[in-house]
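The values are calculated or read from the model by the stated rules, or taken from the named source; none is laboratory data. A quick note: this is a predicted structure, and the numbers were derived from the prediction, not measured. Using ideal geometry, Cβ is built from the backbone for each residue, glycine included, and neighbour counts are taken over all protein chains shown.
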Amino acid sequence: MNIEFRKSFEKDLGSIRDTTLLQRIRAVIEEVETAENLSEVTNIKKLKGDGDYYRIRVGDYRIGITVNEDTVIFVRVLHRKDVYRYFP
């Protein structure tokens, strides 16, 4: 699948200092990139409501993504207590 990153995602990544968490996020990005469809991605869940919004669980953090046809757009990566306040 094709992937894109929003500026908010890049900013969120810059604020994370935990190197093991960053490695796990990098592994998730590679997994999404190599997957044929979203059902192959582990720890993914569609969010309720309108739109094609999903979240991927990475420990205590959540990656917020949206899907447009063949492209996965990474929007946010935040702690689980904050992610649903700012995404979608």
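Scan the range 27-54 residue by residue and report those that are touching a Gly at 6+ places or on another chain (Cβ under 9 Å) and over 14 Å from R80 (Cβ atoms).
Once the filter is applied, which keeps residues that are touching a Gly at 6+ places or on another chain (Cβ under 9 Å) and over 14 Å from R80 (Cβ atoms), the range 27-54 yields Y53, Y54.
Which one is farthest from the chain's Cα centre (by Cα) among residues in the range 34-82 that are in contact (Cβ under 8 Å) with a residue 24 or more places away in the chain and on the phi > 0 side of the Ramachandran plot?
G49
Using the structure shown, decide if V28 is within 17 Å of R6 (Cβ to Cβ), among the β-branched types (V, I, T), part of a helix (DSSP H, G or I) and modelled with pLDDT of 95 or more.
yes
Among residues belonging to the range 48-71 that are at pLDDT 95 or above and among the hydrophobic types (A, V, I, L, M, F, W, C), point out the one that is surrounded by the most Cβ atoms within 10 Å (Cβ to Cβ).
Result: I65.
Do we find a residue being within 15 Å of I56 (Cα to Cα) and in contact with a Lys or Arg (Cβ under 7 Å, 6 or more places away or on another chain) anywhere in the range 18-27?
Within the range 18-27, none of the residues are within 15 Å of I56 (Cα to Cα) and in contact with a Lys or Arg (Cβ under 7 Å, 6 or more places away or on another chain).
Among the listed residues R6, R24, R57, which satisfies the condition of being under 17 Å from Y86 (Cβ atoms), among the charged types (D, E, K, R) and in contact with a strand residue (DSSP E or B) (Cβ under 6 Å, 6 or more places away or on another chain)?
R6
State yes or no: is R85 free of Cβ contacts under 8 Å to residues at least 12 places away in the same chain, surrounded by fewer than 17 Cβ atoms within 10 Å (Cβ to Cβ) and more than 20 Å from N2 (Cβ to Cβ)?
In short, yes.
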